[in-house]
Structure formats: C-alpha cells, structure tokens
1. Those residues that are of a type in the set (D, E, K, R) and more than 18 Å from L123 (Cα to Cα), I need them from segment 10-41; list them, please.
2. Working only within segment 33-75, note down all residues that are in contact with a Phe, Trp or Tyr (Cβ under 7 Å, 6 or more places away or on another chain) and of a type in the set (G, A, S).
3. Taking segment 68-82 as the search range and keeping residues that are crowded, with 18+ Cβ neighbours inside 10 Å and over 14 Å from H111 (Cβ atoms), which one is modelled with the lowest pLDDT?
4. Since S91 meets every condition but one in (1) of a type in the set (G, A, S); (2) at pLDDT below 90; (3) crowded, with 19+ Cβ neighbours inside 10 Å, which condition does it not meet?
5. Among the residues of segment 1-18, which ones are among the polar types (S, T, N, Q) and either at pLDDT 90 or above or more than 29 Å from the chain's Cα centre (by Cα) (or both)?
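The values are calculated or read from the model by the stated rules, or taken from the named source; none is laboratory data. Note that the structure is predicted; figures quoted are calculated from it, not measured. When we count neighbours, we look across all protein chains shown, and the Cβ atoms used for this are built from the backbone with ideal geometry, even at glycine.
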Amino acid sequence: MPSPDNSKATQSGKTDSRSLPEIFAAEETPILRYAFSLVGRRAVAEEIVQDSFLQLHTHWDEVENPVAWLYRAVRNRSYNHHRDNKREVLSEDETQPESDDPKDTPEDLLHRMEAAGFLRLLLAELEEADRQLIQLKYYEDLKYREISERTGISIGTVGYRLHHVLKQLAEKLRHLGIESAP
C-alpha cells in the first residue's frame, strides 16, 4: 500500500503527482479561505479543513484528483455544518443570507452563501479607497453627494469609480461561475 507521501502517486492513477504533504503545503491556505467563505467562522473552517485532510489521508489510494476531492469534501462538510447548526448559524451571524422562499432547498441556501463568501473575499482584495466607496454606498446607504462630501472625491468620480468597481466584481464572480450577486 503506497503511503500518502509516496511520490509514485501517478502510477496509481492520480492526476496530481504531488504527495499529501506537498498538497497540504500548497493548498491548505486557499482551501481554508474557501471553507471560511462557506461557514463564516474561522474555527469551524479550520476544523472542516483538518477533517477533510485527515479523510483524504485515509482514502489516499482511492482518490484520483486530491485537490478537487478536498474542495468537494469541504463543500459537503460545510453544507452538513449548516444543516446541523442552522439555528446557531442564523442567530450568531446576521449577515448570512436567509431564505424568504419556503421552496428554497438547503442547496439553494448553500449556493447563496458560497456566492456571498466569494463576494466577501473579492471585497477584501479591493484597494482601500474602492472598499470605502462600497462601504459608504451599500452598507451606509449614502447618496453620491454624501459620499463626495465625506471622501473629498467629486460626485462624478464617485459614480464612475463605483460603476467600474461593481463591473469588475461582477466579472470576477462570473469567472467563478456565479451569475448574480447574493
């Protein structure tokens, strides 16, 4: 039985020739970010990622694409976490999207939560000035004139920059397979 750190992984049909420690070193941070975007709590995200890597270790010989397997495992564990802790999640974090439509399935809710998580990550990557414009317009619900007064940027520039920032965010979300913002 080959061990997870055996570099002969391609002989067993794996699409990724890296060993488990190499995959862990390279993929832990992005997978942790992904988990956090799904559950919104760092401790829970860390636990989900740790459990997923341990499960991968257990099933190493059976897994053909370890990275894809990890992302799927994290997504499934996040879904299970939300299902099992629904009351806790909704009461602790008011920013989690709630479903007004009784026809929404747990998977619909998870898709919206994934989209919201990706949007939070993309917003965190914005330059501070652009993030401030988004904050003032959409979180503080200010008009362009009020944003202009607060930031010292002309009203026309506020509108122009917000338009382009939103267009860039929408394009990045589309690239991730998300067609509309949550």
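1. Filtering segment 10-41 down to residues of a type in the set (D, E, K, R) leaves 14, 16, 18, 22, 27-28, 33, 41.
Result: K14, D16, R18, E22, E27, E28.
2. Within segment 33-75, S37, A45 meet the criteria.
3. Restricting to residues being crowded, with 18+ Cβ neighbours inside 10 Å and over 14 Å from H111 (Cβ atoms), the top hit is H81.
4. Exception for S91: condition (3).
5. Just the residues of segment 1-18 that are among the polar types (S, T, N, Q), to begin with: 3, 6-7, 10-12, 15, 17.
Selection gives S3, N6, S7, T10, Q11, S12.
Quick grid of which residues meet (1) in a helix (DSSP H, G or I); (2) surrounded by fewer than 15 Cβ atoms within 10 Å (Cβ to Cβ); (3) in the same structural domain as V165 (by TED's automatic domain parsing); (4) modelled with pLDDT of 80 or more:
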| residue | (1), (2), (3), (4) |
| --- | --- |
| L110 | yes, no, yes, no |
| E114 | yes, no, yes, no |
| G117 | yes, no, yes, no |
| I134 | yes, no, yes, yes |
| K137 | yes, no, yes, yes |
| E146 | yes, no, yes, yes |
| R150 | yes, yes, yes, yes |
